[in-house]
Number of protein chains: 2
Amino acid sequence: MTIVEMMESIGAKARKGADALRDASGETRTRAIRAMAAKLRESAPAILAANAEDVAGATALVDRLRLDPQRLEGAAQSLEQVAGLPDLVGTDLARWTRPNGLDIARVRTPIGVIGMIYESRPNVTADAAAICVRSGNAVILRSGSDALRSSIAIHEAIAAGLVEAGLPADCVQIVPTASRDAVGLMLQGLDGAVDLIIPRGGAALVERVSREARVPTLGHLEGLCHTYVHGSADPGMAVAVVANAKMRRTSICGATETLLIDRAAAPALLPAIAAALDGCELRGDAESRALVPMKAAAESDWSTEYLAPILSIRVVADIGEAMAHIELYGTGHTEAIVAEDEAAAELFLNRVDSAIVMWNASTQFADGGEFGFGAEIGIATGKLHARGPVGPEQLMTFKYIVRGTGQQRP
Amino acid sequence: MTIVEMMESIGAKARKGADALRDASGETRTRAIRAMAAKLRESAPAILAANAEDVAGATALVDRLRLDPQRLEGAAQSLEQVAGLPDLVGTDLARWTRPNGLDIARVRTPIGVIGMIYESRPNVTADAAAICVRSGNAVILRSGSDALRSSIAIHEAIAAGLVEAGLPADCVQIVPTASRDAVGLMLQGLDGAVDLIIPRGGAALVERVSREARVPTLGHLEGLCHTYVHGSADPGMAVAVVANAKMRRTSICGATETLLIDRAAAPALLPAIAAALDGCELRGDAESRALVPMKAAAESDWSTEYLAPILSIRVVADIGEAMAHIELYGTGHTEAIVAEDEAAAELFLNRVDSAIVMWNASTQFADGGEFGFGAEIGIATGKLHARGPVGPEQLMTFKYIVRGTGQQRP
């Protein structure tokens, strides 16, 4: 079987799986996700053995790749959390009656078949499967080659859970090869079988998706997040929020990468912020360096998502300059302002066109769990269909159901 | 100036227009749409003169192209109707407080810059402009060459209305040339200036969009709508609904193109339906032809959107065969069932995955105005972002505004 034949067969099976999943009851979907969690626990030895092989062969990002009993238990608990979320398939978004008596309902429905292309975190395999099943969507998983053995082992447990709940194993399939051709074929849509591609990965994947995709995509692109300290900021809050936004975890997409600080506040505040950023490399513009000794920021620093303990710092004249910097260099993910001046804060919140804008809070809160969504498959940085944290609700579409009594249009 | 330079300049101006439109008040947007309507009336002589030139040069679809004082007054009234719709920019879709005190709002925002590519109906120029302004989006209009003079004249009135309301004329721009290269450049996104493309046109445009688009699209594809008469249908209702669904207006996308009828009901009902379809050419399968004399349907009839007084007819064994036919040949637009059996109707409404599914009503109700949306730019047949009638609300995205008091993530 050629790779084309294999992928088209996967696509056709996914379409059938999507029909079964959509037509199943919400209770069946819940039972399936719980069974997936149980099978994940039962399969821990096999999964950890497969993961050890992946880790042994890995060249980079080993920490993101490695599983241990705790992380696996965390993945199982995360599935149970998704099982506990409400099942939204067939629920009304709105319903109204027209003067002619037509009863119109806007009803949530699954999208259909989702293609998930991701890189080195094997736990995405379980998360994505659960979120797709919760929302009634079949999914085709394409794991990065580094994590392929782990992902296949996790997928085996998930498929067993589906079957135990009476659903076809094909509701969640994994591409069993590391061939990069599989990605290209998925981006072409597998002959109409794929409704939506969700890419999660670095710049090379993002670039490939934007060049090759022939089906809609829900991109999780870079998170080059900014925190802007306004002249009116409470000094203690500014120091604490910036330190948390940068250093709590530097490898997540909601970590702040660039600090913008008002010229009026910088002399008093920047030394205190720098002192709180223990272990963080600072790269500043000339004005920052005149206040705190640090490395000089290059032009490229303003557009670099470090995902590491490095912070670029720029002194700005005012909120207008801060917003212009964000518009130029931001990636539309998350930006925060620290300010006591409410008018300044509201201006920032209204004008900055990112998926998430925050006032007096750490950008590290940019997360579906922290938003109360229960689970997320990523943070969408595009503006169409969904934006911000993508949970089961965001992986649904809707249709209109119109009930009449024989109405004819005049 | 080359066409590339011209289009990139249009894109850059649209981006500035989008900022101005988003930051304006709802009252300003309303005033602008009312001023557009007034200028449209004032400019009637110039618009009708331009339209006469278009009509003189036209080779096809002359009726869709032709404007007269009544149609132009209808377009002005339609703008006033859009001006009367609520302004949704900045309104909450949802708002909640997290246990840590973070106040999270999901707030409606404009998408940004919309590229509208359409064919021979010049009134789309006014409708699209008004719906985009209502939703806070700038728009780049690319009219078909047949209607270009009319569209430019209408656009001139619209730009004057924007300026009168204090908004930049660049909020609504028209591509001033019939060059097909302009379409290609828009589909490439004009260097990041276009957020969404809305194509409205025939098969050739649809095909080009799916091949070339590098930005998200909200497609208004074919409307190959089905009406299915179930064995339990009330005979009088079936005859009346089918006749209306096919014949009220045959050129709209919600017109029924294929009738499916249960074997059990066909002998009694098909002759009555055929008699009611006066002036309509019937093309049936063998079973239909055994009941009513008519032309034989070819395989291609099942996938043809006639937009004309022609109906293809097929006798089916049961609801399963009807739904399988729709899945195979439908375009995901609108399908209706006529039935007294509620269980059969609910099965059809739940299983058929089209933007609009109807029970005991004419498919001709597939229309934003009939749904109570006030205005529509088309019927989206894709599943992402919006589905069904696209009015101002569907041309918006959202962002999350998070208000805190210095929260740091643990």
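The values are calculated or read from the model by the stated rules, or taken from the named source; none is laboratory data. A quick note: this is a predicted structure, and the numbers were derived from the prediction, not measured. Heads up, the Cβs are rebuilt from the backbone with ideal geometry, glycines too, and the neighbour counts pull from every protein chain shown.
Odds and ends about this structure:
- Odd one out for residue A:250, checked against (1) among the β-branched types (Val, Ile, Thr); (2) closer than 25 Å to residue A:303 by Cβ; (3) in the same structural domain as residue A:142 (by TED's automatic domain parsing); (4) outside any helix (DSSP H, G or I): (3)
- Scanning region B:346-357 for residues that are at the interface with chain A (Cβ under 8 Å from one of its Cβ atoms) and over 30 Å from residue B:74 (Cα atoms) yields B:349, B:350, B:351, B:353, B:354.
- All told, residue A:128 falls short of being part of a helix (DSSP H, G or I) and either touching a helix residue (DSSP H, G or I) at 6+ places or on another chain (Cβ under 7 Å) or of a type in the set (Val, Ile, Thr) (or both).
- Filter pass, residue B:200 being away from chain A (no Cβ under 14 Å) and more than 30 Å from residue B:287 (Cα to Cα): yes
- Within region A:375-386, tally of residues that are within 13 Å of the chain's Cα centre (by Cα) and under 22 Å from residue A:129 (Cβ atoms): 7
- Condition met for residue B:54 (of a type in the set (Asp, Glu) and part of a loop (DSSP other than H, G, I, E, B)): no
- Residue satisfying condition, being within 16 Å of residue B:22 (Cβ to Cβ) and more than 8 Å from every other protein chain (Cβ to nearest Cβ), within set A:321, A:327: A:327
- Positions within region A:104-119 being crowded, with 23+ Cβ neighbours inside 10 Å and more than 30 Å from residue A:405 (Cα to Cα), in sequence order: A:113, A:114, A:115, A:116, A:117, A:118
- Residue selected from region A:376-393 under the condition among the small types (Gly, Ala, Ser) and in a strand (DSSP E or B), by the criterion nearest to the other protein chains (Cβ to nearest Cβ): A:388
- Taking region A:227-247 as the range and being closer than 15 Å to residue A:263 by Cβ and within 11 Å of chain B (Cβ to nearest Cβ) as the test, the residues that pass are A:233, A:238.
- Residue ID - surrounded by the fewest Cβ atoms within 10 Å (Cβ to Cβ), chosen from residues in region B:1-51 that are within 14 Å of chain A (Cβ to nearest Cβ) and not in a helix (DSSP H, G or I): B:25
- Region B:244-264, residues that are free of Cβ contacts under 8 Å to residues at least 40 places away in the same chain and surrounded by 20 or more Cβ atoms within 10 Å (Cβ to Cβ): none
- Selected residue (criterion: nearest to residue A:165 (Cα to Cα)) from residues of region A:65-85 that are part of a helix (DSSP H, G or I) and aliphatic (A, V, I, L, M): A:83
- Where a residue in region A:394-407 is within 7 Å of chain B (Cβ to nearest Cβ) and its partner, wherever it lies, is among the basic types (Lys, Arg) and assigned to a strand (DSSP E or B), with Cβ under 7 Å and at least six apart: A:398/A:106; A:398/A:108; A:400/A:106
- Region A:86-103, subset in a strand (DSSP E or B) and either touching a Ser or Thr at 6+ places or on another chain (Cβ under 8 Å) or among the aliphatic types (A, V, I, L, M) (or both), residue surrounded by the fewest Cβ atoms within 10 Å (Cβ to Cβ): A:94
- The number of residues in region B:358-375 that are under 21 Å from residue B:246 (Cβ atoms), surrounded by fewer than 24 Cβ atoms within 10 Å (Cβ to Cβ) and facing chain A (nearest Cβ under 10 Å) comes to 5.
- Residue in region B:274-288 that is touching a strand residue (DSSP E or B) at 6+ places or on another chain (Cβ under 8 Å) and within 14 Å of another protein chain (Cβ to nearest Cβ) present: yes
- Region B:91-102, residues that are at the interface with chain A (Cβ under 9 Å from one of its Cβ atoms) and in contact (Cβ under 8 Å) with a residue 40 or more places away in the chain: B:100, B:102
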